[in-house]
Each structure stands twice: as structure tokens, then as C-alpha cells.
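Enquirer: Below: one structure in C-alpha cells.
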Amino acid sequence: MSELHISPSDPAGTPGKEQRAAGFGILLQISMLVLAFMVGHVFRRKKFYYLPEASVSLLIGLLVGGFANLSDSETSTRYLGGLMYLVYRLPFLECLMFGALISATDPVTVLSIFQELGTDVNLYALVFGESVLNDAMAISLYRTMSLVNSHASSDQNILLLILRFLETFIGSMTSGVGVGFTSALLFKYSNLNDDNYQNLECCLFVLFPYFSYMLAEGFGLSGIVSILFTGIAMKHYTYPNLSENSQRFAAAFFHLLSSLAETFVFIYMGFDIAMEDHSWSHVGFIFFSILFIGVARAVHVFSCAYLVNLVRPRERQIPMKHQKALWYSGLRGAMAFALALQSVHDLPEGHGKTMLTATTAIVVLTVLLIGGTTGTMLEALEVVGDDHNAAVLESFEDNNGYTAPPFDEGSSSGHKLKMRLKEFKNTASFTTIDKNYLRPFFTTQSGDEDPDDVPSNSRRGLLDDQID
């Protein structure tokens with residue numbers, strides 16, 4: 001038996017040990033995924049909304065990472081230093097970088113509870129739309145300010161900041177929309193919607209978004225912003241060009257990927273939070289970051305809603321209870337945490353670690369506290385239990401997020417005309433262009449046909465995928 005033993009220092013034993021370690025790591029990841037799915041399923045069946053699936057995944061990662069980090073004897077010493085500081089000052093540009101990364105919201109937990117409880121679809125659209133745009137803006141702003149912080153002189157910062165932001169955001173958006181339009185034309189004129197080419201059709205449909213991501217990254221732009229706009233364009237123009245079988249497959253495939261990715265990201269985030277070397281020496285910065293995020297979000301949500309309501313007809317204004325729910329739904333998650341990890345490499349003198357620690361505290365607090373109390377909040381605001389939610393959801397998908405207001409059949413024709421003209425003035429300019437020009441050009445359907453006229457289960461699956 002001793003002849004078969006390979007010492008750890010033997011190079012021949014290294015590949016085998018590395019392979020076993022990698023296998024154990026993959027086994028651990030799969031086990032955590034299975035556990036998160038099963039616990040989340042049990043909680044949903046029991047209607048226990050205080051620990052949504054994202055919170056369960058984050059806690060599992062925290063627990064496993066905490067056990068793995070028990071051997072770190074210096075941890076308690078580092079934590080004690082946090083009581084020595086109450087104020088922490090950052091350079092102004094680094095404060096802007098922190099503001100950019102922490103503005104990225106991640107309402108996956110909230111939106112899943114919205115669907116479980118049957119929340120008003122307009123509130124769903126507000127929360128979802130804000131999150132999508134916040135991610136895109138946060139990435140572009142953070143990258144721009146990071147570049148300016150590392151290269152530009154102080155007297156050129158503002159101008160360079162604006163130019164770089166416009167270059168990154170508009171360039172990424174143009175790249176993404178261009179790839180989406182290209183895919184729509186390819187599927188329209190290549191006649192791939194024949195049953196004999198279903199496999200090729202599905203493969204190309206899956207590859208185009210990742211092509212958009214890598215194209216933007218190759219040109220130094222934002223791949224995530226690019227893939228976001230590619231997804232919007234492909235959903236609206238490419239998806240209707242697919243065969244019905246391919247539409248069902250695409251909906252199921254992306255729903256599967258999104259569920260696995262979402263759960264894995266929260267597990268990984270919890271694990272990495274427990275394993276990362278944090279800087280707890282600036283409690284004041286962390287405390288006031290949490291406090292001012294709530295204040296700043298309130299100012300942002302209520303002031304913007306007030307301005308929007310000034311120009312909207314009365315029946316389409318955002319009610320106060322929706323504004324309160326939107327303010328409460330500002331969870332921070334994977335995007336903010338990923339940018340905070342990047343700040344550790346981008347910023348010197350430990351400032352990045354301070355940002356990472358503050359972001360970690362905010363992520364854990366919002367996911368566990370806000371995510372766990374969302375159901376109670378929705379019931380208190382009386383925005384759940386809409387009997388017509390399923391029908392309104394289909395209307396939301398078919399009209400690209402806009403639910404048309406009801407018209408009184410007994411009203412005069414003049415009143416109807418006035419209302420329709422007002423609606424056209426406020427909302428229908430792009431819709432008209434899309435219906436009369438873009439949709440007939442990029443899809444096989446005429447402008448009078450509904451591009452999303454597919455089985456309801458497929459539409460619902462795609463909407464779920466857009467959340468992630």
C-alpha cells in the first residue's frame with residue numbers, strides 16, 4: 001500500500017488532486033442549487049413569503065461560505081476595528097462611482113412575489129422597467145467614471161465624463177439594436193421556420209444575444225447594455241418570425257437558464273460575501289449609505305412620479321400606492337455586488353474594499369428584510385388579488401407594457417375622439433411608427449397583426465425570462 005501512495009509534493013499527483021477538488025466544488029454547487037430549489041418550492045407551496053427563493057439562495061451561500069471561512073482567525077480582530085470610525089470621506093469622483101454601482105436594483109425577489117400574489121400589472125411593469133434601465137445606466141456610468149478617475153486630469157473630468165458616458169451607452173445600445181434588427185431580417189428571409197430547420201432556427205436564436213454581448217465587449221463597450229437592447233429588439237421583431245415550435249422551445253429554454261442562473265448567482269453572492277476580505281473599519285460610511293439610499297430613492301421615485309403624472313391623463317397616472325410599492329421594491333443584488341467587486345481593483349488605498357463592504361451590507365439587508373416583507377407590504381397597500389390579473393397580463397404583453405384605459409360606452413363620440421387624441425399625443429407616437437413601418441419591415445406579419453400572438457403559456461414564459 002505504501003508504494004501506491006503519492007505525496008502531495010509529487011507533480012504527478014497534482015492533476016489528480018486538482019481534478020478531485022474541482023469535482024468536489026462542482027458537487028457542492030449542484031447540491032446548493034438543489035437545496036435552494038427544494039426549499040424555495042416548499043416555501044411557495046406553504047405560501048411562506050418571508051423567505052423568497054432569492055433570500056434562501058443567499059442564505060445558503062452565506063452559511064456555506066461562513067463554514068468555509070471559520071479557519072480565518074483574524075476575522076474577529078478586523079471587525080473590532082469598526083468601532084473606531086464614524087466618518088469616512090471619499091474623493092468626489094469615487095463617491096459618484098459608488099452612487100452609480102449602488103443604483104442598480106435587482107427586484108427578482110419582489111417580482112416573483114408580485115406574480116405569486118397577483119399584483120396589478122402596471123405596478124409590475126414599473127418595477128421591472130426601472131430595474132432594466134437602472135442596470136444599463138449603472139454599468140455605463142460606473143465604467144465611464146472609473147475610466148475618468150484613472151486617466152483624466154481634474155479640469156477635464158466633467159466634459160470627459162459626459163462624452164465617455166454617451167459613447168459607452170449610445171454605442172452599446174446601437175450595437176445591441178443593430179444585432180437585434182439583423183437577426184429579425186435573417187429569420188424573416190431565410191425561411192428557417194420550416195419544421196426541417198427547427199434545430200438550426202433555435203440554435204441561431206440562442207446565439208445572437210451572446211454574439212451581441214461579445215461584439216460590444218470587443219469594442220470596449222458594455223456587453224450587458226448591448227445584450228439588453230438585443231433582447232428587447234429580438235423579442236419584438238425576431239421572435240414573431242420563429243415557427244410555433246421554436247417559440248415554445250425558446251420560451252422554455254430561456255426560462256430554464258434564467259432559473260438556474262438566478263439561483264446560482266444568489267448562492268455565489270452569499271458564498272463570496274462570507275469569503276471576501278471586507279473592511280469593517282468605517283461603520284459610519286456603511287450606516288449612512290444605507291440611510292441615504294432610502295432617502296434618495298424616495299426623492300427619486302416620488303418626484304419623478306409627480307412629474308410623469310403632470311403630463312399623463314388622469315386614468316393613466318401612477319397612484320400613490322404604486323409609488324410607495326415602487327419605492328419599497330428597490331432591492332440591491334447581483335449587479336451592484338459585481339460592480340463593487342470591480343471597485344476593489346479600480347480604487348486604491350482600500351476605498352474599493354470599503355465600497356464592497358457597504359454594498360454587501362446593503363445587499364444582505366435589502367434581499368432578506370425587504371424581500372421577506374414584500375408580501376406584507378403589498379397586502380397593506382391593497383395592490384394584490386386582482387381577479388383580472390391574468391387578462392391584464394396578456395394585455396400588458398400584447399401592448400408592450402401599456403394597459404389602455406377603459407372608455408365609457410355611453411360617452412359621446414366627441415369625448416371618445418378627444419380621449420383617443422390625447423392618448424395618441426402622449427403614448428402612441430412610437431407605437432404608430434412601429435405598427436406602420438418597423439413591424440412590417442422586420443417581421444413576416446402585417447402591422448395589424450399582433451407580434452406576440454402565440455400561446456399564452458409561451459408568452460408568460462418569455463415575460464418571466466425578461467425578469468432575469
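Enquirer: With a 1.4 Å probe and all protein chains kept in place, how much accessible area does E276 have, in Å² rounded to the nearest 10?
Expert: Estimated to the nearest 10 Å², E276 gives 50 Å².
Enquirer: Now for a different question. Hey, any idea what the orientation-averaged projected area of the convex hull of the stretch 155-228's Cα atoms comes to, in nm²?
Expert: If you wrap the Cα atoms of the stretch 155-228 in a convex hull and average its projections, you get 5.1 nm².
Enquirer: How big is the accessible area of W327 in square angstrom, nearest 10, if you roll a 1.4 angstrom probe over the protein chains?
Expert: 100
Enquirer: Sort the following peptides by mean Cβ neighbour count (other Cβ atoms within 10 Å, averaged over residues), highest first: 286-295, 249-258.
Expert: 249-258, 286-295
Enquirer: Further question: Given a cut-off of 19 Å, name the pairs among K46/K324; K235/K435; K188/K235 whose C-alpha atoms lie farther apart than that in the structure shown.
Expert: Numbers: K46/K324 27 Å; K235/K435 15 Å; K188/K235 14 Å.
Table pairs above 19 Å Cα-Cα are K46/K324.
Enquirer: Continuing with this model, one more query. Got a number for the accessible area of C202? Probe 1.4 Å, square angstrom, nearest 10.
Expert: 20
The values are calculated or read from the model by the stated rules, or taken from the named source; none is laboratory data. Owing to the predicted nature of the structure, the values given are computational and were not obtained by experimental measurement. Counting neighbours? That spans all protein chains shown, and the Cβs are built from the backbone with ideal geometry, glycine included. Just the protein is used for accessible areas: all its heavy atoms, side chains included, with ligands, DNA and RNA removed. Shrake-Rupley method; radii C 1.70, N 1.55, O 1.52, S 1.80 Å.
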